[in-house]
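Q: Let me give you the structure first, and then I'll get to my questions.
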Amino acid sequence: MTTARTWLLADSPNSKLQANLGNGYRMMGALMRNPLAVVGMVILSMLLLAAIFAPWIAPHTPFGQNLGARLLPPSAAHWMGTDELGRDIFSRVIYGARITLMIVTLVAVISAPLGLLIGAIAGYFGGWTDKILMGVTDVFLSMPKLILALAFVAALGPGIENAIIAIAITSWPAYARIARAETLTFRNSEFISATRLLGASHSRVIVRHVLPLCTSSMIVRVTLDMAGIILTAAGLGFLGLGAQPPLPEWGAMISRGRTFILDQWWVATMPGLAIILVSLGFCFLGDGLRDVLDPKQGGKS
Amino acid sequence: MSTDGTKSRRLKTTLGALGGFVVVTLLTFVGLMAITFFIGRVIPIDPVLSVVGDRATQEQYDAAKVAMGLDRPLIVQFLSYVGDVFQGDLGRSVSTNRPVADDLARVFPATLEMATLGIAIGVGLGVPMGVWAAARKGTWVDQVIRVFALLGYSVPAFWLGLVGLVLFYATLGWVAGPGRVDIFYEGLVEPRTGLMLVDAALAGDWQVFWNALDHLILPATILGFFSLAYIARMTRSFMLDQLSQEYITTARVKGVSEWRVIWVHGFRPIRVPLITVIGLSYAALLEGSVMIETVFSWPGIGNYLTVALLNADMNAVLGATLVIGAVFILINKLSDVLYRVLDPRSR
């Protein structure tokens, strides 16, 4: 155990793998000392487990209707009650974890690399490339995100895929800004010139040397943005523009429960609690990550 | 002589900032219009088909296409769209059968009223909370405020609205329900400004005033909570910056009371950056009101937008998007220019 630790924390690592693992170990240690970050990690592990093992965790199927047991209040048999078609809300919330996880993952996978690339290209080349790319970025950035997403979904048509596209279109500009700012801090440094002198092409310099240096601030920002992405997706679902019934998407479930909110409060309330829990998890983890990865901010918060 | 020099230099910075503001804002507006034009014209749904219906003959279809000007090159269409928008023509709404611009002018005050009360609540509570958290950094007060603020980033607005309605309207009966006033107060005061509170006060009809306030207070508080979260976090971070400065230590060493250190020495310098933060959250509230208005049946621009979305009324959707976007951009850029004019360091 101790030898593994010494190997991880070695001052002069022998391989790239050792250095990376060592860095990861130090980060985990710092994160573990931050109570909110630990809570965030626990919540997100729960989300992940619920999504993977949904069929084993959920006591009922998420789609099975049982009109004899409709709108039952929370009880031992139905922890979160049942909805207007007699479906077990707890099971639907568990299966909903899959949809939420899919949405945030896809949005992150589409928008973060896109923003990263645009920002890095703008910062690296400078001049007119920079002016044009950042002009477009600024226009998108100065636009209200939710409204823009709504308008895009209105044009594309409702549905979960279109909701993901719309959210991704509205989230990349923030990442482009960050990547550009990061790139500017080291674009004139010697290791970049050295790589160029060795004959590396622009694209190689950007992909192999510029992008990796931007990733840590990007990870922080994406984690902090996750809560907003979840809320936007749930909002689209609530308005009937995102995931369509009978998919157990949390926002759409709240929308269905709205009709019975005065008498059967649990139908709309329970999925909302799931949204809050997961969003809080991302916020806590994001805050913790920022403290660890960004020493400039670390002292402040 | 030297004061004259400073004055003219200050005037120059102010004018420069204003000039830059006008140019940047106009360019951003054109960008916004490019996006709405793109959404309305280029994305799949065929605008001609939505007008003539899918049983139209090819001749009818072509005639409609020419009549709508859709046979022209894209750039010409865009320029004529920009021209129309600058003349205040946003097209006709399919569902209300009125010009979209008139509809928006009618519903906008309701949103403005709610967002304004919301930002007042957010600033009134958020700034003191942020200052308090900074002054008690690392204690449980700080942690509680931090979690409270993070909740503002994690709670869906529509869910909080629904729960608020159940709790404070249906169960406790503390506030009035959805809508702007009770149905029997509807249309009693002459809509001079469109702001219900102001109109009622102008007419001297205090019954309507209190009823309108009763309806407004819950949605505005919920809306304000979301700006509170952001304002409190930013205030805390600005305050921590100030409180770690050496002049604060000096003031403490001199024996200045803690209250004075925080509110006079610490808080005064952060008022200017706070203006930007408040401006940004005000703009964000105009956007956030979309969800709240839908839940509270509040007849504002957000509700108009969602109703239009459900009816696939694209002119209304794009018009509302354009107006909300324009107001959003304007407030953003204004707070930016205000910051530059007010901050003594940029003179």
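The values are calculated or read from the model by the stated rules, or taken from the named source; none is laboratory data. These numbers were taken from a predicted model, which means no experiment stands behind them. Cβ sites come from the backbone with ideal geometry, for glycine too, and all protein chains shown count toward neighbours. Quick note on the areas: whole protein, heavy atoms, side chains included, nothing else; ligands and nucleic acids left out. Shrake-Rupley method; radii C 1.70, N 1.55, O 1.52, S 1.80 Å.
Q: Using the beta-carbon distance between B:ARG268 and A:ALA19 and R0 = 41 Å, what value does 1/(1 + (r/R0)^6) give for FRET efficiency, to the nearest 0.05?
A: 0.30
Q: Considering only the other residues whose Cβ falls under 9 Å of the Cβ of A:GLY64, what net charge follows from Lys and Arg at +1 and Asp and Glu at -1?
A: Taking every other residue near A:GLY64 into account, the sum is 0.
Q: Now for a separate question. Counting other Cβ atoms within 10 Å, which trypsin sites (Lys or Arg not before Pro) in the stretch B:149-254 have at most 10 and lie in a DSSP loop?
A: B:ARG192, B:LYS254
Q: With a 1.4 Å probe on protein heavy atoms only, work out how much accessible surface A and B bury together, total over both chains, in Å² to the nearest 100.
A: 4000 Å²
Q: Let me ask something else. Hydropathy at least 1.0 by Kyte-Doolittle, axial extent at least 20 angstrom from the Cα trace: which helices of chain B, defined as entire DSSP H runs, fit?
A: Correct list, ordered by number: B:100-135, B:271-296, B:314-342.
Q: Rounded to the nearest 500, what is the 222 nm mean residue ellipticity of the protein assembly as shown from helices alone, with -39500 (n - 2.57) per DSSP H run of 4+ residues and division by all residues?
A: -23500 deg cm²/dmol, from helical runs alone.
Q: So for the pair B:ARG136, A:LEU277, with labels modelled 7 Å out along Cα→Cβ, what separation do we get in nm?
A: Between B:ARG136 and A:LEU277, the label points sit 2.9 nm apart.
Q: Measure nothing but the geometry: give the 0 to 90° angle between the long axis through the Cα atoms of A:145-156 and the longest principal axis through the Cα atoms of chain A, rounded to 10°.
A: Tilt relative to chain A: about 70 degrees.
Q: Aspartates and glutamates within cross-link reach of A:LYS131: Cα-Cα under 20 Å, excluding same-chain residues under 8 positions apart?
A: Here the aspartates and glutamates satisfying the reach criterion relative to A:LYS131 are A:GLU182, B:ASP336.
Q: Let me ask another. Name the residues of the stretch A:244-281 whose accessible area, probed at 1.4 Å, falls by at least 20 Å² once all protein chains are in place instead of their chain on its own?
A: A:ILE254, A:ARG258, A:ILE261, A:LEU262, A:THR269, A:ILE276, A:LEU280
Q: Can you tell me the orientation of helix A:89-125 relative to chain A, as the angle in degrees between its alpha-carbon axis and the longest Cα principal axis, to the nearest 10?
A: Here the helix axis deviates by roughly 20 degrees.
Q: Another question, then. Could you work out the relative contact order of the stretch A:4-80, using alpha carbon pairs under 8 angstrom and six or more residues apart, expressed as a whole percent?
A: Relative contact order here is 13 percent.
Q: What residue among A:SER91, A:SER189, A:SER279 has the largest mean-square fluctuation in a Gaussian network model of chain A, using Cα springs under 10 Å?
A: A:SER189
Q: Expressed in nm to one decimal, what extension gain is obtained for the pair B:VAL147 and B:LYS254 from 0.36 nm per residue of sequence separation less their Cα-Cα distance?
A: 35.0 nm
Q: Still on this model: Counting only protein heavy atoms and using a 1.4 Å probe, what share of the accessible area of the protein assembly as shown belongs to carbon plus sulfur, as a whole percent?
A: 66 percent
Q: Let me ask something else about it. Looking at the stretch B:174-281, which chymotrypsin sites (Phe, Trp or Tyr not before Pro) are in a loop (DSSP not H, G, I, E or B) and have at most 16 other Cβ atoms within 10 Å?
A: For chymotrypsin sites (Phe, Trp or Tyr not before Pro) across the stretch B:174-281 that sit outside H, G, I, E and B with at most 16 neighbouring Cβ atoms in 10 Å, the list reads B:TRP174.
Q: Taking a spot 7 Å from the Cα of A:PHE63 along the direction of its beta carbon, which residues of the stretch A:234-262 have an amide N less than 14 Å from it?
A: A:244-249
Q: Still on this structure, I have one more. Modelled label-to-label distance, B:SER244 and A:LYS131, 7 Å Cα→beta-carbon offset: nm?
A: Output for this residue pair reads 3.8 nm.
Q: Still on this structure, please answer the following. Taking only protein heavy atoms into account and a 1.4 Å probe, give the accessible area per residue of chain A in Å².
A: I get 46 Å² per residue for this part.
Q: Here is a follow-up. What is the local net charge at A:TYR175, summed over the other residues whose Cβ is closer than 9 Å to its Cβ (Lys, Arg +1; Asp, Glu -1)?
A: Here the count lands on +1.
Q: Find, among the chymotrypsin sites (Phe, Trp or Tyr not before Pro) in the stretch A:116-213, those assigned to loop by DSSP (not H, G, I, E, B) with at most 12 other beta-carbon atoms within 10 angstrom.
A: In loop regions of the stretch A:116-213 (DSSP not H, G, I, E or B), there are no sparsely surrounded chymotrypsin sites (Phe, Trp or Tyr not before Pro).
Q: Output the 0 to 90 degree angle, nearest 10, between the alpha-carbon long axis of helix A:160-186 and the longest principal axis computed from the alpha carbons of chain A.
A: Helix A:160-186 sits roughly 20 degrees off the main axis of chain A.
Q: Right, next: Using Cα pairs under 8 angstrom and six or more residues apart, how large is the relative contact order of chain A, in percent?
A: So the answer I get is 22 percent.
Q: Highest mean first, what order results for B:110-123, A:29-42 on Cβ atoms within 10 Å?
A: B:110-123, A:29-42
Q: Give me the distance in nm between label points sitting 7 Å out from Cα along the Cα-to-Cβ direction at B:LEU27 and A:PHE191, one decimal.
A: 3.3 nm
Q: Stretch A:SER201-A:MET27 to full length: gain in nm at 0.36 nm per residue minus the Cα-Cα span?
A: Answer, rounded to one decimal: 59.4 nm.
Q: Full-extension gain between B:ALA120 and B:ASN311, please, as 0.36 nm times their residue separation minus the C-alpha to C-alpha distance.
A: In short, 65.4 nm is gained.
Q: On the Cα set of chain B, report Rg and Dmax in Å, please.
A: 24.6, 88
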